[in-house]
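Heads up, the thing below is written out as structure tokens.
The values are calculated or read from the model by the stated rules, or taken from the named source; none is laboratory data. Just so it is clear, the structure is predicted and the values come from calculations on it, not from any experiment. Using ideal geometry, Cβ is built from the backbone for each residue, glycine included, and neighbour counts are taken over all protein chains shown. With ligands, DNA and RNA removed, areas are computed over all heavy atoms of the protein, side chains included. Shrake-Rupley method; radii C 1.70, N 1.55, O 1.52, S 1.80 Å.
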Amino acid sequence: MLVGVISESFPSEHRVALVPAAVKALKAKGVDTLIERGAGIGAGFGDDEYTAEGARIEDDRAGVLGAADVVCQVRTLGANPRDGQGDLAFFRRPPFEQTLIGFCEPLTDAAPLQRLAECGVRTHAVELIPRTTRAQSMDALSSQAMIAGYKAALLAAGALPKLFPLMMTAAGTATAARVLVIGAGVAGLQAIATAKRLGAVVSGYDVRSAVKEEVESLGAKFLEIELPHKPVGDGRGGYAVAMDDAFYLAQRQMMTAAVAQSDVVITTAAVPGKRSPVLITSEMVEGMRAGAVIVDLAAERGGNCELTRADQATIHRGVTILGPTNLAATVPAHASMFYSRNLVSFILHMLKDGRLRDDPSDEIIHQTLLTRHGQIVHRRVREVLRLPPLQSETIHT
Ligand code: NAD
């Protein structure tokens, strides 16, 4: 089996799908690797490092796509709808089987996914890897969100006109910055840990009360707020479930004081497949001190703050609001290293007798399978994208 890697064409995407160490790991299982020349440069991995591990280098992008049985990308067309289009012409067409693995943004827009499907490729969306113990080593969403959480705390520290730690000096005492992290999932917990390491006084909040202990174990305070009714409960796999507007309204009212007292607010509240809940209104921003900073990690899905603009810095009455959407790409060496390990683990999980098996009884294979035989075959994705149901023998959950 031949696994191919092409360079990423999305603007400012410096990650690469497989790092040189992956070449060795795959080779040990009889899988060869073909890398587009320069694909790893942005992440700090030279072609010679790939060849030293046994990869072949191909000058031509089309050559990689035309030869590989499995193509690994960070962003497939679904997550790169404008710049990824040029690759469509080069995918192998049926009867050749070709599998594409990468981020697909499967719950966002049907059009690019349909175009991928029409090429005949079998696509696995890494976002759909279940958050289970068995699939932990393949969980690319978590490995990349962890990096985003870390970088969010650094961005906040860089933008805040104050120090994060308490400093007692001959020139006076600087009190520690107060950081509030809303949403204590993967990114939020890492933001809490990083802000704490930098010396800030940190609080965390989440609708899932199950994370209280985790927040406290990082040395942060868990913000308890009284709400008119309890959240319906934890969603599957550590994800939240969507709540109604009355709930979010009450939540905003109860969080107003905590937001006003914070120097930094990092928001990461997300519900899979839904727009991000608005948790910070303009009025709440106006209640913050001038110089305060909000880093909104949910910017890509509309943002947790009403004033967030994706990939822009907005200054409102002295408060800086940052909405970065691709933070993992700003730490490309380690982000690629983790992502690459996720992919190798995923490929090896599917590998049998020199090919990728298609086993409907395996939840990891089954739940990630997005396109097959010219169609989007994932039931939930079809529902979210408002596509009509398929015949039962072709659908996936
Ligand atoms: P996650 O599902 O692990 O965490 C989200 C958390 O938000 C959950 O713990 C959930 O319970 C909580 N939440 C949901 N609604 C809430 C509410 N109303 N109030 C408080 N908490 C609430 O997701 P994650 O992997 O940590 O990612 C978090 C967000 O960061 C997502 O929007 C994701 O798309 C985004 N993200 C951004 C970048 C970037 O570069 N900007 C990178 C990775 C992830």
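The table that follows gives values for the structure above.
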{"item": "Mean separation of Cα contacts under 8 Å, 6 or more apart, over the residue count of the chain: relative contact order %", "result": "17 percent"}
{"item": "Karplus 3J(HN,Hα) series, Hz, for the range 260-274 with 6.51 cos²θ - 1.76 cosθ + 1.60 (x for Gly, Pro)", "result": "4, 7, 8, 7, 9, 10, 10, 10, 9, 5, 9, 10, x, x, 10"}
{"item": "Karplus-derived HN-Hα couplings along the range 110-116 (A = 6.51, B = -1.76, C = 1.60, θ = phi - 60°), whole Hz, x at Gly and Pro", "result": "6, 4, x, 5, 4, 5, 5"}
{"item": "Solvent-accessible area, 1.4 Å probe, carbon plus sulfur percent, for the chain", "result": "53 percent"}
{"item": "Choice from ILE347, ILE129, ILE225 showing the highest fluctuation, given a GNM over the chain with Cα pairs closer than 10 Å", "result": "ILE225"}
{"item": "Rounded to whole Hz, the Karplus (6.51, -1.76, 1.60) HN-Hα couplings of the range 12-17, x for glycine and proline", "result": "6, 8, 9, 6, 10, 5"}
{"item": "Gaussian network model of the chain, Cα within-10 Å springs - most flexible of LEU297, LEU180, LEU198", "result": "LEU198"}
{"item": "Helix 332-350 axis, angle to the chain major axis (alpha carbon atoms, nearest 10°)", "result": "50 degrees"}
{"item": "Given the chain, longest segment not containing exposed loop chymotrypsin sites (Phe, Trp or Tyr not before Pro) (DSSP; at most 15 other Cβ within 10 Å)", "result": "240-397"}
{"item": "Whether the chain is rounded, prolate or oblate, judged on the alpha carbon gyration tensor where a/c under 1.5 counts as rounded", "result": "prolate"}
{"item": "Antiparallel DSSP beta bridges within the chain, as percent of all bridges there, nearest 5", "result": "25 percent"}
{"item": "Nearest-ten-degree value, helix 186-197 long axis tilted from longest Cα axis of the chain", "result": "50 degrees"}
{"item": "Length-normalised contact order of the range 146-325 in % [C-alpha pairs under 8 Å, at least 6 apart]", "result": "19 percent"}
{"item": "Exposure rank, largest accessible area first [ASP296, ASP48; 1.4 Å]", "result": "ASP48, ASP296"}
{"item": "Shape category assigned to the range 146-325 from the gyration tensor of Cα positions, a/c cut at 1.5", "result": "prolate"}
{"item": "Rounded accessible area per residue of the chain, 1.4 Å, Å²", "result": "44 Å²"}
{"item": "Among PRO165, PRO112, PRO324: highest mean-square fluctuation, GNM of the chain, C-alpha pairs under 10 Å", "result": "PRO165"}
{"item": "For the chain, with +1 on Lys and Arg beta carbons and -1 on Asp and Glu, the positive-most of VAL186, PRO165, ALA135 along the dipole", "result": "PRO165"}
{"item": "Sequence-distant residues sharing a close amide H with LYS221 (under 5 Å, placed H)", "result": "VAL202, SER203, GLY204"}
{"item": "Computed accessible area, ILE365, all protein chains, 1.4 angstrom probe, square angstrom", "result": "0 Å²"}
{"item": "The chain, dipole about Cα centre (Lys/Arg Cβ +1, Asp/Glu Cβ -1), debye to the nearest 20", "result": "380 debye"}
{"item": "Among VAL319, ILE347, SER361 - extreme Cα towards positive end, dipole of the range 296-397, charges at beta-carbon", "result": "VAL319"}
{"item": "Global form of the range 316-385, assessed from the alpha-carbon gyration tensor, a/c cut-off 1.5", "result": "oblate"}
